[in-house]
Amino acid sequence: MPQSHFISSIFRKEVLDLSAYKVADAGGLIKLDAMENPYRWPEPVIKEWLDVIKEAEINRYPDPEARRLSATLKKIDGISGNLEMLLGNGSDEIIQLLLMALPTHAKVLSPSPGFVMYRQLSRCLGLDYIDIPLLSGDFDLDLPAMLEAIDKHQPSLIFLAYPNNPTGNLFSEISIRKIIEATPGLVVVDEAYAPFTDQSFIDVLGEYSNLLVMRTLSKLGLAGLRLGYIVGESSIIGELNKIRLPYNINTLTQITAEFALNNSDLFKQQTSQIRSERSRVLLEIRSIEGITTYPSEANFILFRTPPDKAASLFEMLKTKGILIKNLSPQGGLLLDCLRVTIGTPDENDAFLQALSSSFEQLN
Ligand code: PMP
């Protein structure tokens, strides 16, 4: 039997139809494509960290419940009472856990454009993924369309990224509340970009039993650790916990996250630097005639080039040593759109300079 026939006789059609999640090779480039924190830890912090790591009992399995780290995170976010928390190997793993727990062929709904893993993981699990376009002017939720879709499809789960990736905006709070109230299923407010905004649904959790809030330490500056978490009513978290792999948070992640959270001043400093650079970069891009920018509450900025210029601009930036993300191939509302992550002031300067010179060359 030819290998291709063998493969298709083994794997599910949903898997065969997928493309693997690809990450661009950033070798030697200034990396402004993946919403990472650009700052390494200062040497004294690294030294202190290595002293802590030295004590790790790597021969033993990790604490399966990551109790200490969980308690620290709960304290930071003020989680108590009937609320519980579940930790994941990045919030990607939590998205997967949520979807794995749904009935076969359940419906999952999310606005579009949105975070690609919602769709990717839903499809892979054979779930029915429905996306509802955002409003084209400001990328806010199309509330009537969302409510109509909820009424028609009765989704088991709705994902709302707050702020949204890749558009960077916060959806209207009233619209989110109406969606939570209208849905028969769960609503996950994905606060991956929480460090860069003052708005959150964490304090709203007590008001709705079907609301879950998901966060990650990735954008704060710990993307390499892979630690995400979700908070919600303990009965819901208890069900998810049944399908979580026993040791999903490894020992080094548990120890390092705990150490990092106890050094929170460092992250506060870096986050506020990123936020002020965000304002500067936004104004600078906006000053280039012909480029449209969108306001952002995250650590990246979405901008739109004149028709059919995004791919060339992306390639020209790459030639000049800058890697950003070209979203134009996704089409729809993202046609002609590029996304840049906020870097260090020097990296941002290099990007802005390359952007204006490349744009001039294009015209
Ligand atoms: N949610 C959103 C909205 C994101 O943009 C991302 C990362 N790009 C994630 C979740 C996943 O984050 P991680 O798995 O690193 O925690």
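We did not get these values from a lab; they are worked out from the coordinates using the rules stated. If you're wondering where the values come from, they're calculated on a predicted model, not measured in any experiment. Please note: Cβ atoms are built from the backbone with ideal geometry, for glycine as well, and neighbour counts cover all protein chains shown.
Between ALA182 and PHE6, the FRET efficiency from the beta-carbon distance, with R0 = 41 Å, is close to 0.30.
Scale the Cα Rg of the chain by the rule-of-thumb value 2.2 N^0.38 Å and send over the ratio, two decimals. Provide the component values of the computation, followed by the final result.
Working: Rg = 21.2 Å, N = 363, 2.2 N^0.38 = 20.7 Å.
Compared with the compact-globule rule of thumb, the chain sits at 1.02.
Order of ILE236, ILE288, ILE322 from fewest to most other C-beta atoms within 10 Å?
Placing the least packed residue first, the sequence is ILE288, ILE236, ILE322.
What order do you get for CYS337, CYS124 when you list them from fewest to most C-beta neighbours inside 10 Å? Before the final figure, lay out each step's value.
Numbers: CYS337 23, CYS124 16.
Ordered from fewest to most neighbouring Cβ atoms within 10 Å, CYS337, CYS124 come out as CYS124, CYS337.
If the chain linking CYS124 and THR344 were pulled fully straight, counting 0.36 nm for each residue of separation and taking away their Cα-Cα distance, it would gain 75.5 nm.
So which helices of the chain fit the span-like rule, where a helix is a whole DSSP H run, its Cα atoms reach 30 Å or more along the axis, and its mean Kyte-Doolittle is at least -1.0?
Working: long enough: 264-286 (33 Å, -0.84).
Long hydrophobic helices here: 264-286.
Here's the picture: a label point sits 7 Å out from the Cα of ASP138 along the beta-carbon direction, and within the stretch 292-327 the residues with their amide nitrogen under 15 Å of it are 294-297. Taking the chain as a Gaussian network of alpha-carbon nodes connected by springs under 10 Å, the highest mean-square fluctuation of the residues SER279, SER264, SER91 belongs to SER264. Beyond 27 Å in Cα-Cα separation lie the following of the pairs LYS74/LYS107; LYS31/LYS268; LYS47/LYS318; LYS74/LYS219; LYS152/LYS219: LYS74/LYS107; LYS47/LYS318; LYS152/LYS219. Computed over the chain with a Gaussian network model linking Cα atoms closer than 10 Å, the most mobile of PRO166, PRO111, PRO306 is PRO306.
With all pairs of different alpha carbon atoms counted, what Kirkwood hydrodynamic radius in Å does the stretch 207-363 show? Working shown, then result.
On the way: mean 1/r = 0.0545 Å⁻¹.
Taking the inverse mean of 1/r over all distinct Cα pairs, the stretch 207-363 comes out at 18.4 Å.
Ordered by the count of other Cβ atoms within 10 Å of each Cβ, fewest first, HIS105, HIS153 give HIS105, HIS153. Stretched out straight at 0.36 nm per residue, the stretch from ILE53 to SER209 would grow longer than its current Cα-Cα span by 52.3 nm. When the chain is treated as a Gaussian network with alpha carbon springs shorter than 10 Å, the biggest mean-square fluctuation among LEU87, LEU102, LEU18 belongs to LEU18. If you wrap the stretch 211-273 in the convex hull of its Cα atoms and look at it from every side, the mean projected area works out to 5.2 nm². Just want to confirm a number: the relative contact order over the stretch 236-363, from Cα pairs under 8 angstrom separated by 6+ residues, in percent. Worked out over the stretch 236-363, it gives 21 percent. Relative contact order for the chain: 22 percent, from Cα pairs under 8 Å spaced at least 6 residues apart, divided by residue count. Using the alpha-carbon positions of the stretch 59-261, Rg (one decimal) and Dmax (whole number) come out as 16.4, 55 Å.
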